[in-house]
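Structure first, then comments.
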Amino acid sequence: MKTQKTWHEKHHETIGFGGRVADSVARGMGSWKFIILQTILVVLWMGLNLTGLIMHWDVYPFILLNLLFSTQAAYAAPIIMMSQNRQNQRDRMHAEEDYKTNVDAKLEIEALAIKLKSLEVDKLDKIIEMLEEQKRNSSK
């Protein structure tokens, strides 16, 4: 018996290598772990360059560090935007599936309402018929 795939499974199958990489980068860069690690590295970088314990490879105002941050931002921003675009596609697909489910539910509710109404009419017809029969029997 083959089960029908959910919208999430269908969407996951359409993700290519680039989409998975973009999601991983966005997930990694949007975490506290990344922020804390990057802060520690920057503090170490600046501290080592200011104190001179190791040769000064990037003296104040840390032009190399600024270049690294610019490069990181130049690549990170488009990758994060790709991930956000994929998230928008996923949300759109989810909304479409919700809409289809709501339409199906509405049709089922309408069919049930029609069935209930016909049951009520049948019951009322039987009650009227029984009352008329009782009236005929009592008038004899």
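Scan region 13-20 and give yes if some residue there is among the charged types (D, E, K, R), loosely packed, with under 10 Cβ neighbours inside 10 Å, in a helix (DSSP H, G or I) and under 18 Å from the mean Cα position of the chain (by Cα), otherwise no.
yes
Mind checking which residues of region 39-52 are surrounded by 12 or more Cβ atoms within 10 Å (Cβ to Cβ) and more than 14 Å from F62 (Cβ to Cβ)?
Answer for region 39-52, where residues must be surrounded by 12 or more Cβ atoms within 10 Å (Cβ to Cβ) and more than 14 Å from F62 (Cβ to Cβ): there is none.
Would you mind telling me which numbered condition in (1) in contact (Cβ under 8 Å) with a residue 40 or more places away in the chain; (2) in a loop (DSSP other than H, G, I, E, B); (3) of a type outside the set (G, A, S) I79 fails?
Unmet for I79, out of (1) in contact (Cβ under 8 Å) with a residue 40 or more places away in the chain; (2) in a loop (DSSP other than H, G, I, E, B); (3) of a type outside the set (G, A, S): (2).
Applying the selection to region 83-102, what residues are among the hydrophobic types (A, V, I, L, M, F, W, C) and modelled with pLDDT of 95 or more?
Correct list: empty.
For region 72-83, give me each residue that is under 14 Å from R20 (Cα atoms) and surrounded by 13 or more Cβ atoms within 10 Å (Cβ to Cβ).
I79, I80, M82, S83
The values are calculated or read from the model by the stated rules, or taken from the named source; none is laboratory data. Just so you know, these numbers come straight off a predicted model, no measurement behind them. So basically every Cβ, Gly included, is an ideal-geometry build from the backbone, and we count neighbours across all protein chains shown.
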